[in-house]
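Taking it in order: structure first as structure tokens, then the write-up.
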Amino acid sequence: MKLNHCSPYLDVLNSSNQDVVSKAISAGVGGNYKKVLELLHGNVSSDATFLRGLSSLKLGDHSKAKTEFEILKGQPDAHFLIPAFVDHLNGTKSESEKMYGGSAFSDHFAVASTRNLFRDMYQAVDNTLSSFTPDGDTFTLMDVGIGTGVQVDRVIKWIPKAWPQVKAVKVIAIDPSPSLIEKAKIQLERTMKESPLDVSVTFIESLAQNVSEERLREALEGNALDVVNACASIHHMPQSDKLILLKKLKNLAPKILVVTDADSDHESTLADLSFELVANATSFYSTVLQYLLSEPASKEEEDHLRAFCFFDARNVLLETGKSRIEYHTTAQNWVHYLSSVGFRLLPPRNEWINGLTPGRAQLGKDFIHTAVSERPINFQLVATGRTE
Ligand SMILES: C[S@@+](CC[C@H](N)C(=O)[O-])C[C@H]1O[C@@H](n2cnc3c(N)ncnc32)[C@H](O)[C@@H]1O
């Protein structure tokens, strides 16, 4: 069984009372979901029921999966994923849109991006960027995964005060989602009208790792690149693509690259239904949701936030190949990736977002909870690299 960076998990897995569950997880890691179901047959713990539900989904048996999730839904402390899976299987909430093409996910994210978790993250980016001073009077920013544009918008708004010498801002914004690009255009056009700066934005609609270095250079139009900013976006690619992209970005010689992302691990254990993946995903997304809902939300906002977290958690738990788009990795790995492509790392700024401690992974009353409670989840300004 492949289990990386997870000694607490090994302890739990090795304990004799988890024998059946750990065998089932091994079978899941091997892709043998029928064996998972067989081993967990009759096992009544909520973790076993959850794994049976996921295995059934993997096998395409939606009706069996629904039965399992219905059992858990009846429990008073059912995890947020459970009613979401039931709704999903009943077809009452459609998540069947294409990964980046549809508008439902972008609507969910648009709500999330105005909330505390993202505002805190944006503040961390503002603090880092504003401690850097561009050389000339034109500031050139390449943004990887611009999303709704709210974060870049903040930067454009504080520039006149922080850097009075800057008169023009050139943004190159990359994002694969047409509906998010549409939202970013509306946001930035409004700001461009009001800004005292001469702002221009070039959108590139693509997965960032697929854009050639030539195309990126062309978009720079001969300007030196000041900053590459990647806020909560590079985690959307597997390790090999992260490295391909970071290498390309390094070749463009930005003065500084700022990667802001969650310190979690949905990347190293890509095996389906591995213990670590299930534990991390259930704990991580329940923690994110708990944080997002820790300030008042209307019913409509809450629905979007739940759908936002479910969309991502479901992706980690069930998707493989090209449809897998969530690959958070550890802060340690980010540092390693940046240095391995040649960035000189700046001292960590310790921009921890306070208060995002592990939520109670209610689903995992058994082993999942035991394991995840030993592992804090933090959002952090993970790495800042400088070109020599
Ligand atoms: C969580 S949002 C963050 C958006 C924005 N940076 C912010 O902080 O508000 C992730 C963004 O990354 C984009 N994205 C997903 N996969 C990507 C990829 N392979 N290359 C570039 N952007 C990607 C998504 O479309 C989405 O806009």
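The values are calculated or read from the model by the stated rules, or taken from the named source; none is laboratory data. Just so it is clear, the model here is predicted, and its values are computed rather than measured. Backbone-built Cβ (ideal geometry, glycine too); neighbour counts: all protein chains shown.
Please work out which residue is nearest to HIS328 (Cα to Cα), limiting yourself to the stretch 228-249 and to residues that are among the charged types (D, E, K, R) and more than 10 Å from the ligand (Cβ to nearest atom).
Result: LYS247.
Between a residue in the stretch 224-244 that is within 19 Å of ILE159 (Cβ to Cβ) and any residue that is among the aliphatic types (A, V, I, L, M) and part of a loop (DSSP other than H, G, I, E, B), which pairs come within a Cβ distance under 7 Å, given they are 6 or more apart or on different chains?
Listed pairs, sorted by first residue: LEU225/LEU252; LEU225/ALA253.
What pairs come out if I take residues in the stretch 157-182 that are closer than 16 Å to PRO196 by Cβ and pair them with residues that are polar (S, T, N, Q) and part of a strand (DSSP E or B) whose C-beta lies under 6 Å away, six or more apart or interchain?
Short answer, once both residue conditions are applied: ALA168/THR138; LYS170/THR140; LYS170/SER200.
For the condition buried (at least 23 other Cβ atoms within 10 Å of the Cβ), more than 12 Å from the ligand (Cβ to nearest atom) and either more than 17 Å from ILE325 (Cβ to Cβ) or at pLDDT 95 or above (or both), what is the one hit in LEU225, LEU257, LEU252?
Numbers: LEU225 fails: buried (at least 23 other Cβ atoms within 10 Å of the Cβ); LEU252 fails: buried (at least 23 other Cβ atoms within 10 Å of the Cβ).
Within the list LEU225, LEU257, LEU252, the selection yields LEU257.
Can you name the residue in the stretch 74-113 that is among the acidic types (Asp, Glu) and modelled with pLDDT under 75 and is also farthest from the ligand (Cβ to nearest atom) among such residues?
Among those that are among the acidic types (Asp, Glu) and modelled with pLDDT under 75, it is ASP77.
Hey, can you tell me all the residues within the stretch 228-245 that are out of contact with any strand residue (DSSP E or B) (no Cβ under 9 Å at 6 or more places or on another chain) and surrounded by 14 or more Cβ atoms within 10 Å (Cβ to Cβ)? Can you show your working first?
Start the filter on the stretch 228-245 by keeping residues that are out of contact with any strand residue (DSSP E or B) (no Cβ under 9 Å at 6 or more places or on another chain), which leaves 236-238, 240-241, 243-244.
Selection gives HIS236, MET237, PRO238, ASP241, LEU243, ILE244.
Pick out the one residue from THR260, THR282 that is more than 26 Å from PRO347 (Cα to Cα) and of a type in the set (Ser, Thr, Tyr).
Answer to the selection: THR282.
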